[in-house]
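Heads up: the structure comes next, in structure tokens.
Every number here is computed from the coordinates shown, using simple stated rules; none is lab data. Note that the structure is a prediction, hence the values are computed from the model and not measured. Counting neighbours? That spans all protein chains shown, and the Cβs are built from the backbone with ideal geometry, glycine included.
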Amino acid sequence: MLLKYGIENFGINDLAVNEQNPLAKEFYEHMGFIVYKRTETDEQGNPYPLLYMKRKQI
């Protein structure tokens, strides 16, 4: 799986997902990520709320 490869080889520990994509949020939660921040707009200022997620510390 590409995400697992990124975690293991590149230390991917955080990401952003569009809040309007609940399936993506559920997928990343299943992979061990939790929401730590929310914004009303995306990184370009468009009205797409983002959820910032990081890997749970075990």
Subject >> Answer from Gly32, Gly11 - the residue that is at positive phi, surrounded by 13 or more Cβ atoms within 10 Å (Cβ to Cβ) and among the small types (Gly, Ala, Ser) >> reply: Gly32
Original post:
Looking at segment 13-57, which of its residues are part of a loop (DSSP other than H, G, I, E, B) and free of Cβ contacts under 8 Å to residues at least 12 places away in the same chain?
Top reply: Asn21, Glu40, Thr41, Gln44, Gly45, Asn46, Pro47, Gln57
Subject >> Qualifying positions in segment 17-28 - within 18 Å of Lys56 (Cα to Cα) and surrounded by fewer than 14 Cβ atoms within 10 Å (Cβ to Cβ) >> reply: Glu26, Phe27
